[in-house]
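Throughout, read-outs are computed from the coordinates displayed, never taken from laboratory work. Since this is a predicted model, take the numbers as computed values, not measurements. Neighbour counts are summed over all protein chains in view; Cβ atoms, including those assigned to glycine, are modelled from backbone coordinates with ideal geometry.
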């Protein structure tokens, strides 16, 4: 095990020891403290889930520490890995913005935006289309949330609301759009957080 992975696992163990009032969150942090690997997709997804759970539980200090376990990873065109990194980058952007650390927040936003600007002219044109689709709500989960509510499936509803939270944060970090301006994104974020905190 490398020193970097060992240090990250120690952070996760410390997080676990500080969230004993949330047994599910503590179990997840403890499990990651034993087997976190930055090259394993499942490990990255579970680390992202931990960060978002901590955000919903209003633990910004611990949430930021967990986000930063992934946010040193570099984009390599592997979206299986990058999906989870970009969601923690967006969450770190929000936390740094709220803390007044605007330089750090801007760094996160720049990394997010840079993945749409890579490659030759054709790739960059496609990246611009993908970015426009994204910031106009292409990855939102409104339909899935509504369907879960209709079925009375509270587990699915909670999962989709957490995914919605990440999608909204990504759009916000990317600057929003005419369809989804920043004030509307903030309103939706507050709404989703309230729903998640009441379930």
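How many angstrom lie between the Cα centre of segment 107-132 and the Cα centre of segment 53-78? Taking the Cα centre of segment 53-78 as reference, the centre of segment 107-132 is 22 Å away.
Per residue, the average separation of C-alpha pairs within less than 8 Å and at least 6 apart gives segment 116-199 a relative contact order of 27 percent.
To the nearest 0.05, how large is the calculated FRET efficiency for residue 31 and residue 107 if R₀ is 41 Å and r is the Cβ-Cβ distance? Before the final figure, lay out the partial values.
Details: r = 30 Å, r/R0 = 0.72.
So, using R0 = 41 Å, E works out to roughly 0.85.
Taking 121, 155, 47 in turn, the Gaussian network model of the chain (Cα-Cα springs below 10 Å) assigns the largest fluctuation to 121.
Hey, with R₀ at 30 Å, roughly what FRET efficiency would residue 45 and residue 121 work out to, going by the Cβ-Cβ distance, to 0.05?
Values: r = 33 Å, r/R0 = 1.11.
Here the calculated transfer efficiency is 0.35.
With contacts taken as Cα pairs under 8 Å at a separation of at least 6 residues, the chain carries a relative contact order of 15 percent. If a/c stays under 1.5 just call it rounded; otherwise compare a/b with b/c (prolate if a/b is bigger, oblate if not). Do that for the chain, with a ≥ b ≥ c from the square roots of the Cα gyration tensor eigenvalues. Oblate, since a/c reaches 1.5 and b/c is not below a/b. Helices in the chain, meaning DSSP H runs of at least 4 residues, each add -39500 (n - 2.57). Divided by all residues, the mean residue ellipticity at 222 nm is -24500 deg cm²/dmol. Measuring r between the beta carbons of residue 151 and residue 191 and using R0 = 22 Å, the FRET efficiency lands at 0.60.
Which residue, 113, 187, 134, tops the fluctuation ranking in a GNM of the chain built on C-alpha contacts under 10 Å? Result: 187 has the largest fluctuation of those listed.
Summary value for segment 3-88: 25 percent relative contact order, contacts being C-alpha pairs under 8 angstrom separated by 6+ residues. Using the Cα coordinates of segment 116-199, the gyration tensor eigenvalues translate into equivalent-ellipsoid semi-axes of 28, 14, 9 Å, sorted from longest to shortest.
Build a GNM of the chain with springs between Cα atoms under 10 Å apart, and of 24, 48, 37 the one that fluctuates most is 24.
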